[in-house]
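Engineer: Let me give you the structure first, and then I'll get to my questions.
The values are calculated or read from the model by the stated rules, or taken from the named source; none is laboratory data. Computed from a predicted model, the values in this text were never measured in an experiment. All Cβ positions, glycine included, derive from the backbone under ideal geometry; neighbour counts span all protein chains shown.
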Amino acid sequence: MRFLTTDLDGARLIEIEPASDNRGFFARTFCVSEFAAHGLETAYVQHNTSLTKEVGTVRGMHFQHAPACEVKIVSCVRGAIYDVIIDLRRNSPTYQRWQGFELTADNRRRLYVPAGFAHGFQALTDDAEVAYLISEFYTPGATGGVRHDDPAFKIRWPLPVTVLSDKDRSWPDFAEETV
């Protein structure tokens with residue numbers, strides 16, 4: 001695996017290194033020793049999946065408050081998404097900055113999202129399926145979020161937003177949220 005730095009402190013784009021032959025290929029998508037060597041989280045308690053039916057749909061921007069902050073490894077296993085993360089860690093050099101990444105079933109990239117980041121994505125295709133490794137259990141009382149169109153961040157989504165949940169639409173304006 002190749003661990004590529006991003007513009008946001010601690011976030012990594014992970015590319016697999018497939019071994020190919022006439023049958024196809026084989027590649028590791030996670031290895032405790034390689035993640036540990038890069039100082040990344042190695043313990044994950046949940047593996048989740050989501051299916052987004054309609055292109056243009058936005059899911060996010062979500063996080064969990066301390067002490068239930070989550071590290072996520074996100075991959076798109078069918079279709080394509082524009083994955084966005086926002087650094088909400090007050091003491092970070094990249095605090096309040098966002099970055100987007102195209103994750104597709106074809107490019108097989110994974111995004112390592114550190115604890116203290118908001119995360120969301122826009123479906124670039126119909127029937128986009130996303131897989132997540134998550135370091136903390138879902139804790140309903142710890143959930144938080146910021147709006148996809150919050151003026152504090154000015155996220156530039158690649159497509160018009162076609163579908164958004166009521167919950168994601170109702171997050172308040174960002175006000176120095178502590179994650």
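Engineer: Which members of the range 152-179 meet the condition of being more than 21 Å from Ser50 (Cβ to Cβ), modelled with pLDDT under 95 and not aliphatic (A, V, I, L, M)?
Structural biologist: Within the range 152-179, Pro172, Asp173, Phe174, Glu176, Glu177, Thr178 qualify.
Engineer: Something else about it: Could you list, in sequence order, the residues of the range 117-145 that are in contact with an Asp or Glu (Cβ under 7 Å, 6 or more places away or on another chain) and closer than 18 Å to Trp171 by Cβ?
Structural biologist: Phe117, Phe121, Gly144, Gly145
Engineer: Looking at Thr29, is it surrounded by 13 or more Cβ atoms within 10 Å (Cβ to Cβ), of a type in the set (Ser, Thr, Tyr), over 25 Å from Thr143 (Cα atoms) and modelled with pLDDT under 95?
Structural biologist: So Thr29 passes the test.
Engineer: Right, next: Please tell me if Gly120 is of a type outside the set (Phe, Trp, Tyr) and either farther than 30 Å from Arg2 by Cβ or assigned to a loop (DSSP other than H, G, I, E, B) (or both).
Structural biologist: It is false that Gly120 is of a type outside the set (Phe, Trp, Tyr) and either farther than 30 Å from Arg2 by Cβ or assigned to a loop (DSSP other than H, G, I, E, B) (or both).
Engineer: Scan (1) in contact (Cβ under 8 Å) with a residue 60 or more places away in the chain; (2) under 13 Å from the mean Cα position of the chain (by Cα); (3) under 20 Å from Val130 (Cα atoms); (4) surrounded by 12 or more Cβ atoms within 10 Å (Cβ to Cβ) for the single condition Thr49 breaks and write down its number.
Structural biologist: Unmet for Thr49, out of (1) in contact (Cβ under 8 Å) with a residue 60 or more places away in the chain; (2) under 13 Å from the mean Cα position of the chain (by Cα); (3) under 20 Å from Val130 (Cα atoms); (4) surrounded by 12 or more Cβ atoms within 10 Å (Cβ to Cβ): (4).
Engineer: I've got another one for you. Of the conditions (1) modelled with pLDDT under 95; (2) under 15 Å from the mean Cα position of the chain (by Cα); (3) not hydrophobic (A, V, I, L, M, F, W, C), Glu70 fails just one. Which one is it?
Structural biologist: (1)
Engineer: Looking at Gly56 and the list (1) within 29 Å of Asp166 (Cα to Cα); (2) modelled with pLDDT of 95 or more; (3) within 15 Å of the chain's Cα centre (by Cα); (4) surrounded by 13 or more Cβ atoms within 10 Å (Cβ to Cβ), which single condition is not satisfied?
Structural biologist: It is condition (3) that Gly56 fails.
Engineer: OK, next. Can you say whether Asp106 is more than 19 Å from Ala68 (Cβ to Cβ) and assigned to a loop (DSSP other than H, G, I, E, B), as far as the supplied structure shows?
Structural biologist: Yes.
Engineer: Show the residue pairs that are 6+ apart or on different chains and have beta-carbon atoms under 6 Å apart, the first residue being within the range 69-97 and at negative phi, the second being assigned to a strand (DSSP E or B) and of a type in the set (S, T, N, Q).
Structural biologist: Glu70/Gln64; Cys76/Thr104; Ala80/Thr104; Tyr82/Gln122
Engineer: A follow-up question, please. Could you figure out which of (1) surrounded by 15 or more Cβ atoms within 10 Å (Cβ to Cβ); (2) small (Gly, Ala, Ser); (3) assigned to a loop (DSSP other than H, G, I, E, B) isn't true of Gly100?
Structural biologist: Evaluating Gly100 over (1) surrounded by 15 or more Cβ atoms within 10 Å (Cβ to Cβ); (2) small (Gly, Ala, Ser); (3) assigned to a loop (DSSP other than H, G, I, E, B) leaves (3) as the failure.
Engineer: Taking the conditions exactly as written (closer than 20 Å to Pro114 by Cα and surrounded by 14 or more Cβ atoms within 10 Å (Cβ to Cβ)), does Ala142 satisfy them or not?
Structural biologist: yes
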